[in-house]
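*Asks:* Dropping a structure here in structure tokens format, bear with me for questions.
The values are calculated or read from the model by the stated rules, or taken from the named source; none is laboratory data. This one's a predicted model, so the numbers in the text were calculated from it and none came from an experiment. Here the Cβ is made from the backbone with ideal geometry for all residues, glycine too, and neighbour counts use every protein chain on show. Only protein heavy atoms, including side chains, enter the accessible area calculation; ligands, DNA and RNA are left aside. Shrake-Rupley method; radii C 1.70, N 1.55, O 1.52, S 1.80 Å.
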Amino acid sequence: MVQPLPILYSFRRCPYAMRARLAIAASGLSCELREVALRDKPRALLEVSPKATVPVLVTGNHQVLEQSLDIMLWALEQNDPQKWLSPTQQDVAAMLALIADCDDRFKPQLDRYKYPQRYAGEGPDNAGRSDAYRDAAAVWLCDLDSRLDQQPFLFGAHAALADMAIAPFVRQFARVDADWFEAQPWPRLQAWLRAWLDSELFGRVMGKFPAWIPGTVGVRFPV
């Protein structure tokens, strides 16, 4: 009996969902992609994952993975042709530590920089708060730039798990004020981000799909 394709609930612009799509595409696996309209989340998503945020992957044997990093590891542990789990420097544990630092330290500052109106009680005014959080996030980005001083990627000579898990969030930060980002003294980080944005893989995972209609089959991904 042919096992059904895994089902991935995704949202194109969500950096966490980008993580999942990047790993699935890089692994050579396929899934049924269901693009979610965040203002009208389908009941099928809520039934498998009450947290109701993307990405969510339902594997062929009905295992539910609700965290982007778990989905990345699930895909890469099955097939890792680009050696994302085998960096030329350090190991998976070190990469996971840097990703956790991104999620726990950088992402909260990024959110407050990008969406200052959501944090109205945290400072004297939106503009002042936004700049303060931007500058706090910039400290972390400076560390990334320094990390890239002697190597083209975060953990050595080729792109690995950490690069692909972190790049969607650096992209999000850069897009808040592209002119400001490009004016910063981060040439290595800017080149690293630009190369990722120009990559064939990034193009493959950023296709636009209509919102999934319950009762229909989603899009086979990658296309």
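*Asks:* Over 5 Å intervals from 0, what percent of Cα-Cα pairs in segment 95-212 sits in each interval?
*Replies:* For segment 95-212, the binned pair fractions read 2, 11, 20, 22, 19, 13, 8, 4, 1 percent.
*Asks:* I need the phi-derived Karplus couplings for segment 170-184: 6.51 cos²θ - 1.76 cosθ + 1.60, θ = phi - 60°, integer Hz, Gly and Pro marked x.
*Replies:* In residue order, the calculated couplings are 5, 4, 4, 4, 4, 7, 5, 8, 4, 5, 5, 4, 5, 7, 7 Hz.
*Asks:* Here is a follow-up. Report the semi-axes of the equivalent ellipsoid for segment 1-94 in whole Å, largest first, where each axis is √(5λ) for an eigenvalue λ of the Cα gyration tensor.
*Replies:* Ellipsoid semi-axes (Å, largest first): 24, 16, 11.
*Asks:* A follow-up question, please. Using Cα pairs under 8 angstrom and six or more residues apart, how large is the relative contact order of the chain, in percent?
*Replies:* 28
*Asks:* Quick one: work out the % antiparallel among DSSP beta bridges in segment 1-84, nearest 5.
*Replies:* DSSP beta bridges in segment 1-84 are roughly 55 percent antiparallel.
*Asks:* Then there is this: Farthest toward the dipole's positive end in the chain, which of GLN117, TRP186, PHE106, given Cβ charges of +1 (Lys, Arg) and -1 (Asp, Glu) about the Cα centre?
*Replies:* GLN117
*Asks:* How much of the accessible area of segment 1-155, in percent, comes from carbon and sulfur atoms when a 1.4 Å probe is used?
*Replies:* Accessible surface attributable to carbon and sulfur in segment 1-155 totals 49 percent.
*Asks:* Then there's this: Roughly how many Å² is the accessible area per residue of the chain, as a whole number, for a 1.4 Å probe?
*Replies:* Ligands and nucleic acids excluded, the result is 49 Å² per residue.
*Asks:* For a bin width of 5 Å, list the pair-distance distribution of the chain built from all Cα-Cα distances, rounded to whole %.
*Replies:* Percent of Cα pairs in each bin: 1, 7, 14, 18, 18, 16, 13, 9, 4, 1, 0, 0, 0.
*Asks:* How tilted is helix 68-78 with respect to the longest principal axis of the chain? Cα atoms for both, answer in degrees (0 to 90, nearest 10).
*Replies:* With rounding to tens, the tilt is 60 degrees.
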